[in-house]
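All remarks here apply to the structure that follows.
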Amino acid sequence: MESVFYLNPSADSSQKETFGFPSRNSPPQIQAMQDFEKRLLHMIEKIKFRTVNCKFQHKLSSDIQENIMKSDKLLVPTDKTSNFYKMDTQSYNDLLKKNITKTYKKVTPDTADSIELKAKDITKKLHLDGRINTTAKREAFITLKDHKPNFANNPTCRLINPAKSEIGKISKQLLECINTALVSKLKLNQWENTKAVLAWFTGIQHKELHSFIALDVVEFYPSISIDLLAAALEFASKHVTICDDERHIILQAKSSLLYNSGEPWSKRTSIKPLRCDHGQFRWRRIM
């Protein structure tokens with residue numbers, strides 16, 4: 001696409017806010033590149049392959065056929081390691097259902113249609129309806145937390161919901177702008193990466209006189225209810241400007257669904273905000 005504007009400097013190259021969503025339009029073919037493209041395709045057509053006798057590849061192929069393809073077990077990945085665990089289908093489905101019903105409730109298909117219609121109105125208003133697709137109804141799945149204590153007797157999981165609305169990408173960028181402005185306005189110390197933490201730690205004088213408190217937040221994301229999000233936006237709006245359209249997009253992105261066996265599930269609205277008690281987070285002094 002850049003070459004089109006390079007060869008046609010007078011072409012309109014004005015940019016509009018697309019929030020990173022790619023265009024579905026294809027750039028026109030460049031006449032000067034046609035011979036090069038044909039020769040490149042001809043090179044690919046002339047590639048020849050030869051048989052390679054590799055013991056490792058034969059062993060890998062044998063393991064795939066015998067231990068994976070012919071197995072009646074599911075291979076379930078872990079959350080923070082590269083391990084895989086074999087599980088029978090019934091045990092996996094029971095574990096998945098347990099994690100879903102803990103924070104989600106079943107809703108009617110009309111709820112999904114209503115959410116999609118509201119998302120469609122937002123994309124039209126932002127002139128992004130030609131770039132954003134309808135939310136795909138991808139099935140939820142779990143990963144195992146084998147780094148947790150007592151994993152063998154009481155396995156815990158991370159519930160993954162791949163059916164995320166594209167509106168969430170817009171909301172994320174809006175929230176990042178709001179958060180950056182808020183941190184700058186209130187002079188807060190917020191780290192975004194390990195390098196920033198190390199720089200802050202290096203600058204601390206007389207470290208022996210200081211202590212750390214480590215917080216292990218339990219079920220952080222399920223605890224972010226609509227009321228808590230609205231309260232956070234209300235607080236931020238006292239220090240930075242948040243227009244009604246931005247607030248509407250952020251709250252709409254919260255209305256996401258999870259799919260299991262084709263049925264839609266929504267987060268429970270009765271979840272209370274984070275509290276400073278043992279049911280919400282654990283803390284320990286480590287230094």
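The values are calculated or read from the model by the stated rules, or taken from the named source; none is laboratory data. If you're wondering where the values come from, they're calculated on a predicted model, not measured in any experiment. Cβ placement follows ideal geometry from the backbone for every residue including glycine, while neighbour counts extend to all protein chains displayed. These accessible areas exclude ligands, DNA and RNA; they are computed on the full protein's heavy atoms, side chains included. Shrake-Rupley method; radii C 1.70, N 1.55, O 1.52, S 1.80 Å.
Among what's in the stretch 8-21 and is at pLDDT below 85 and either touching a helix residue (DSSP H, G or I) at 6+ places or on another chain (Cβ under 8 Å) or open to solvent by less than 100 Å² (accessible area, probe 1.4 Å) (or both), pick the residue that is nearest to I250 (Cα to Cα).
For the stretch 8-21, the residue satisfying everything is S14.
Is it the case that some residue within the stretch 173-188 is closer than 30 Å to K98 by Cα, touching a Phe, Trp or Tyr at 6+ places or on another chain (Cβ under 9 Å), touching a residue at least 40 places away in the same chain (Cβ under 8 Å) and surrounded by 11 or more Cβ atoms within 10 Å (Cβ to Cβ)?
no
Of the numbered conditions (1) in contact with a Ser or Thr (Cβ under 6 Å, 6 or more places away or on another chain); (2) at pLDDT 90 or above; (3) not basic (K, R), E246 satisfies every one except a single condition; which is it?
All conditions pass for E246, except number (1).
Does D227 count as charged (D, E, K, R), exposed (fewer than 13 other Cβ atoms within 10 Å of the Cβ), in contact with a helix residue (DSSP H, G or I) (Cβ under 9 Å, 6 or more places away or on another chain) and closer than 30 Å to E116 by Cα?
Against the criterion (charged (D, E, K, R), exposed (fewer than 13 other Cβ atoms within 10 Å of the Cβ), in contact with a helix residue (DSSP H, G or I) (Cβ under 9 Å, 6 or more places away or on another chain) and closer than 30 Å to E116 by Cα), D227 does not qualify.
Quick one: L74 ticks every box in (1) modelled with pLDDT under 90; (2) touching a Phe, Trp or Tyr at 6+ places or on another chain (Cβ under 7 Å); (3) not acidic (D, E) bar one, so which box is it?
In the conditions (1) modelled with pLDDT under 90; (2) touching a Phe, Trp or Tyr at 6+ places or on another chain (Cβ under 7 Å); (3) not acidic (D, E), L74 misses (1) alone.
When the stretch 230-259 is examined, which residues are found to be outside any loop (DSSP other than H, G, I, E, B) and more than 18 Å from the chain's Cα centre (by Cα)?
A230, A231, A232, L233, E234, F235, A236, D244, D245, E246, R247, H248
Picking from L198, L186, L174, L209, which residue would you name as being at pLDDT 90 or above and closer than 21 Å to A253 by Cβ?
L174
On the phi < 0 side of the Ramachandran plot, open to solvent by 60 Å² or more (accessible area, probe 1.4 Å) and not hydroxyl-bearing (S, T, Y), is that true of K125?
Considered against the rule, which asks whether it is on the phi < 0 side of the Ramachandran plot, open to solvent by 60 Å² or more (accessible area, probe 1.4 Å) and not hydroxyl-bearing (S, T, Y), K125 comes out as yes.
Just to check your reading of the model, which residue among E219, E192, E246, E263 is under 28 Å from K148 (Cβ atoms) and in contact with a helix residue (DSSP H, G or I) (Cβ under 9 Å, 6 or more places away or on another chain)?
Residue meeting the stated conditions: E219.
Within the stretch 112-122, which residues are of a type outside the set (A, V, I, L, M, F, W, C) and more than 20 Å from the chain's Cα centre (by Cα)?
D113, S114, K118, K120, D121
Considering I122, I47, I142, which residue is modelled with pLDDT of 90 or more and in contact with a Cys (Cβ under 6 Å, 6 or more places away or on another chain)?
Matching residue, one of I122, I47, I142: I142.
In the list V218, V240, which residue meets the criterion of being more than 22 Å from K118 (Cβ to Cβ), hydrophobic (A, V, I, L, M, F, W, C) and at pLDDT below 90?
It is V218.
Pull out all pairs, ordered by first then second residue, where Cβ-Cβ is under 9 Å, the residues are six or more apart or on different chains, the first lies in the stretch 79-101 and is closer than 23 Å to A163 by Cα, and the second is among the aromatic types (F, W, Y) and open to solvent by less than 40 Å² (accessible area, probe 1.4 Å).
Cβ pairs passing all conditions: I100/W265; T101/W265.
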